[in-house]
Amino acid sequence: MGTVTIGVSIAVPEPHGSLLQERRAGFGDPAAHGIPTHITLLPPTEVESGDLAAIEAHLTEVASAGRPFAMRLSGTGTFRPLSPVVFVQVVEGAEACTWLQKQVRDASGPVARELQFPYHPHVTVAHGIAEEAMDRAFAELADYEAAWPCTGFALYEQGADGVWRRLRDFTFGKSPLPAQAPGRSMRSRRLRAS
């Protein structure tokens, strides 16, 4: 069967997702158009393709235990010099993201894994590009703001072409939904009380 590379992320909805993806491309990041704008819950992980059904079942359980929460991005941050990344900060919803990623990577689950760095929810806007371009990303998005109700997360697979594609959406407290067609915006839902 072979292996596939998967990731689990919270998609940044439209119009914010496309805007940040275009800005990332504008800073000269060659990976920008292959990576939908997101907040990572499980970083790129190689798994046996035969394990995908068990992984989807696990993610369904994680989502069923989750509840919608407010997500807000504001300003920029960086992991430099430790890692060549500039990001938009998650200033509301970080605790919920941290809880979710722990559930996804649960030691008893099918995608248990250690992280290279401590978990820090963020939206990457520049990675591994020239220092001057990283500085520009940091400065130009310093006033960036976006907010939305987070109602779930998604499973992605990286293709042989390096492009990440959404396989399936997992809505909090519900069964998984098929992935949306590219370019369609997510419908916002009112936040339910947790």
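The values are calculated or read from the model by the stated rules, or taken from the named source; none is laboratory data. What you see is a predicted model, and the numbers here were worked out from it, not measured in a lab. Virtual Cβ from ideal backbone geometry, glycine too; neighbours counted across all protein chains shown.
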Give me the residue from the stretch 2-36 that is in contact with a His (Cβ under 7 Å, 6 or more places away or on another chain) and either in contact (Cβ under 8 Å) with a residue 40 or more places away in the chain or farther than 19 Å from A126 by Cα (or both) and, out of that set, surrounded by the fewest Cβ atoms within 10 Å (Cβ to Cβ).
A31
For residues in the stretch 160-174 being outside any strand (DSSP E or B) and modelled with pLDDT of 95 or more, which is nearest to H58 (Cα to Cα)?
F172
Go through the stretch 70-101 residue by residue and tally those that are over 15 Å from the mean Cα position of the chain (by Cα) and of a type in the set (F, W, Y).
1
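So, in the stretch 11-40, how many residues would count as being aliphatic (A, V, I, L, M) and in contact with a Phe, Trp or Tyr (Cβ under 6 Å, 6 or more places away or on another chain)?
Result for the stretch 11-40: 1.
Filter the stretch 94-115 down to residues that are part of a loop (DSSP other than H, G, I, E, B) and out of contact with any strand residue (DSSP E or B) (no Cβ under 8 Å at 6 or more places or on another chain) and give me whichever is farthest from A142 (Cα to Cα).
Filtering first and then ranking leaves S108.
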Can you go through V91, V125 and tell me which one is touching a strand residue (DSSP E or B) at 6+ places or on another chain (Cβ under 9 Å) and either in a helix (DSSP H, G or I) or surrounded by fewer than 20 Cβ atoms within 10 Å (Cβ to Cβ) (or both)?
V91
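Quick one: is T151 among the polar types (S, T, N, Q), within 18 Å of I39 (Cα to Cα), out of contact with any Leu (no Cβ under 6 Å at 6 or more places or on another chain) and touching a residue at least 40 places away in the same chain (Cβ under 8 Å)?
yes
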Return the only residue of R72, R136, R105, R113 being under 19 Å from L52 (Cα atoms) and either crowded, with 17+ Cβ neighbours inside 10 Å or at pLDDT 95 or above (or both).
R105
Matching residues in the stretch 46-87 - criterion: being touching an Asp or Glu at 6+ places or on another chain (Cβ under 9 Å) and either among the basic types (K, R) or assigned to a strand (DSSP E or B) (or both):
F69, A70, M71, R72, L73, S74, G75, T76, R80, V86
Looking at the stretch 1-38 only, could you name the residues that are part of a strand (DSSP E or B) and either over 18 Å from R113 (Cα atoms) or more than 9 Å from the chain's Cα centre (by Cα) (or both)?
T3, V4, T5, I6, I10, A11, H38
